1. Could you list all residues from the stretch 36-67 that are closer than 14 Å to residue 24 by Cβ and open to solvent by 20 Å² or more (accessible area, probe 1.4 Å)?
2. Do we have residue 433 as more than 22 Å from residue 561 (Cβ to Cβ), in a helix (DSSP H, G or I), open to solvent by 40 Å² or more (accessible area, probe 1.4 Å) and among the acidic types (Asp, Glu) here?
3. Taking the stretch 447-487 on its own, how many of its residues are in contact (Cβ under 8 Å) with a residue 40 or more places away in the chain and outside any helix (DSSP H, G or I)?
4. From the residues in the stretch 265-282 that are open to solvent by less than 10 Å² (accessible area, probe 1.4 Å) and assigned to a loop (DSSP other than H, G, I, E, B), which one is modelled with the highest pLDDT?
5. Of all residues being assigned to a loop (DSSP other than H, G, I, E, B) and touching a residue at least 12 places away in the same chain (Cβ under 8 Å) in the stretch 217-240, which is surrounded by the fewest Cβ atoms within 10 Å (Cβ to Cβ)? Just the residue, please.
6. Somewhere in the stretch 73-86, is a residue buried (at least 16 other Cβ atoms within 10 Å of the Cβ) and either free of Cβ contacts under 8 Å to residues at least 12 places away in the same chain or among the polar types (S, T, N, Q) (or both)?
7. Which residue pairs have Cβ atoms closer than 9 Å, lie 6 or more positions apart in sequence or on different chains, and pair a first residue in the stretch 109-133 that is touching a residue at least 12 places away in the same chain (Cβ under 8 Å) and more than 22 Å from residue 90 (Cα to Cα) with a second residue that is among the acidic types (Asp, Glu) and surrounded by fewer than 20 Cβ atoms within 10 Å (Cβ to Cβ)?
Amino acid sequence: MAFTLPKLTAAQQALVDAPLERKLWLDGIAGSGKTSCGIARLLRLLEQGVPAESILLFVPQRSLAQPYREALRAHPAYSGGQLAVHTIGSLARDLVETFWFLIAERAGFAHPHDLPNFLSLEMVQYFMTRAIESLVAQRDYFKSVRIDRARLYSQIIDNMNKAAMVGFPISEIGTRLQSALGGGVEQAHIYADAQACALAFREYCLQRNLLDFSLLIELFNQQALALPVPRENLRGRFQHLIADNVEEDNPTAHRFLMSLLPSCQSALVICDHDAGFRRFLGADPESAERLRQACHSQVTLNDSFVMSEAIAALGAHLSASLLGEEVAAETDFRPALMTTAHRYHPQMIKWVVDEISKLVFEKGVKPQDIAVLAPFMTDSLRFSLFESLRRRGLSARSHRPSRALRDEPAARTLLTLARLAHPGWGAAPAQFDMAFALTHAIAGLDLVRAKLLCDVLYRDGGLHPFSDITNAAMQDRITFAIGKRYDQLRGWIATYSEGEPIAALDIFFRRLYSEVLARRGFGFHADVNASNISRNLVDSARGFRWSLEFLRAYDGDIDLARDYVQMVERGLIANFYLRDWIEEAADSVYIAPAYTFLLSNRAVDVQFWLNISSESWSSRLFQPLTHPYVLSRGWQAGAAWSESDEQELERQTLCRLALALTRRCRQAVYLGYSELGESGYEARGLLLETLHTAFRRVKAGAGDGAA
């Protein structure tokens, strides 16, 4: 969706028109027009003849630069110069790659005269498994930890990343966690195991010129920026800086910006109040505040262009209730809240879909201006919403990052068909997996009939023709239309299997998608979610192939295709794919976890908050190998994390979340409540208690009497 720059207020225009030699700090609440100021300032720089190549647009996440890109495409002042858009990761890679041969030997790489291989999140998980799997088995590491290995290894990766971003050695990870969290002898062993695995993986990378994010950031901080040539290179390239959403960035990014600001001719540093939603990824709003004093002028914008008065009052009441403060808002928020109590979770889902239907078909609200949010979006919840909306003639789109590729039906279908098409792997799909794949590959085929097909036609690791079904009643039940599509799919796979297998699995996925699955009558046709997942899988397999071809120089021959399928089926967590964040399907209701919605940085007319009694709205996800606050810059080494710290964290977390959601809502919030939650148990989380407190306060203030 193209960005349209709104008319600026006098305060905004004054900031945009400030002398180009000024370094400006801009903060304010979400929806106050800070990014609009950033875009207008960027366009003014270009209109004044500043070369695009000399401007650095710095963001914590690539998707947050999209409004700037959209504005540039439509603006005549942008004549095609290459604007530098960077995150700390992309900037570090650019600098380390450019000066690799100056720093490789100093950093301890075993092959300093060979090129480096920069690893994506997916590739880090693969190489982590290769590096430590035998170590874990031999020494019986993590024997008391009952979580999926892929999630376990991702927490080790997370520890290493946080150490690099904060600036302490990875050898201190275990000590810091143990001193703060304790937990007894068994927990101490777990932290020690995680520490040993981190060091083993680091040595594995140094021996093979592999750069994961943690090693890349260490090289950037300790090697590249320590040398005069790379440091002067950066200062010479970027004379003008626009840094947006600095509160979502990490201490390494803030240190870099602090070092760059003195050499810049102009700068605009933008910070959001009450944010820092990427704390689990290392975001540090307190660290960002250090940039304020490095700027000539400080400007604050606190007037929202998004919220109605009632929505603003809702955020204020929730915040005051959580922090134990006096209520600043006088407006009654109740007209902006809609809710009905239900006994069972399915009843709540039906109510949500009924209300969305009324909003769209009776009140004229556009589907894309409706967001359905939950603390976690489970498969069953997502499926129920999608199917219920589909029956009402409404489409939906969903985004769930940090999710295993194997958990996406489209990816699972492609992987199952890949195993079927490569009998040489000796890994034929199980019968249920085959039925699941057929259900999603063939339009109109349900799981019951797919199972009937597989019972008769899936034998000896292969599919047999539909004509092999001789029972007329079964043929009629499955239908000949389904049988025709089944034979088309079976024929394509049979033709492929008879030839020489394609070494590049990404090409196999692309051909299978475009030649069969995306065609009319098949499951991926006109399915935006399936299309995006398929493209992600193709990109993932291609990146895997390129990285593994590099590794063959050190580890010998590897079966790329088979290794990739095995890796994904173990629970590989997907990379960050920009298309997932910026592509919007017109006339589709947005369904996502609450934090994913916040990080997309968009506003909607109506929000649905589901499962408001759940503790997950405020509680931190338990991770036995890591802790985002203990491994942060602000935590005092040696201090113990207490129960009171956890409770205070929950209140602060929910306060930030409630303010952020209301500041991105124009008209109304619908509260989805059921006495028995999704798992069938009753819960009374902090959000529900806070809403009750806010209701009592507003009733008392309005003279209605206490509830």
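The values are calculated or read from the model by the stated rules, or taken from the named source; none is laboratory data. Keep in mind the model is a prediction, meaning the values are calculated, not measured. Heads up, the Cβs are rebuilt from the backbone with ideal geometry, glycines too, and the neighbour counts pull from every protein chain shown. What goes into the accessible areas is simple: the full protein's heavy atoms, side chains included, and nothing from ligands, DNA or RNA. Shrake-Rupley method; radii C 1.70, N 1.55, O 1.52, S 1.80 Å.
1. Within the stretch 36-67, 44 is the sole residue that qualifies.
2. Working: more than 22 Å from residue 561 (Cβ to Cβ): no; in a helix (DSSP H, G or I): yes; open to solvent by 40 Å² or more (accessible area, probe 1.4 Å): yes; among the acidic types (Asp, Glu): yes.
Considered against the rule, which asks whether it is more than 22 Å from residue 561 (Cβ to Cβ), in a helix (DSSP H, G or I), open to solvent by 40 Å² or more (accessible area, probe 1.4 Å) and among the acidic types (Asp, Glu), residue 433 comes out as no.
3. Total satisfying the criteria: 3.
4. Filtering the stretch 265-282 down to residues open to solvent by less than 10 Å² (accessible area, probe 1.4 Å) leaves 266-271, 275-276.
Right, trim to assigned to a loop (DSSP other than H, G, I, E, B) and you get 275-276.
Numbers: 275: 88, 276: 85.
Among them, the one singled out is 275.
5. 227
6. No: the stretch 73-86 contains no residue that is buried (at least 16 other Cβ atoms within 10 Å of the Cβ) and either free of Cβ contacts under 8 Å to residues at least 12 places away in the same chain or among the polar types (S, T, N, Q) (or both).
7. Between residues of the stretch 109-133 that are touching a residue at least 12 places away in the same chain (Cβ under 8 Å) and more than 22 Å from residue 90 (Cα to Cα) and residues that are among the acidic types (Asp, Glu) and surrounded by fewer than 20 Cβ atoms within 10 Å (Cβ to Cβ), the close pairs are 113/105; 130/555; 131/203.
Residues are listed down the side, and each one gets a yes or a no for (1) at pLDDT 80 or above; (2) within 12 Å of the chain's Cα centre (by Cα); (3) not in a loop (DSSP other than H, G, I, E, B):
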site: 557; (1), (2), (3): no, no, no
site: 562; (1), (2), (3): no, no, yes
site: 568; (1), (2), (3): yes, no, yes
site: 579; (1), (2), (3): no, yes, yes
site: 586; (1), (2), (3): no, no, no
site: 605; (1), (2), (3): yes, no, yes
site: 608; (1), (2), (3): yes, no, yes
site: 613; (1), (2), (3): yes, no, no
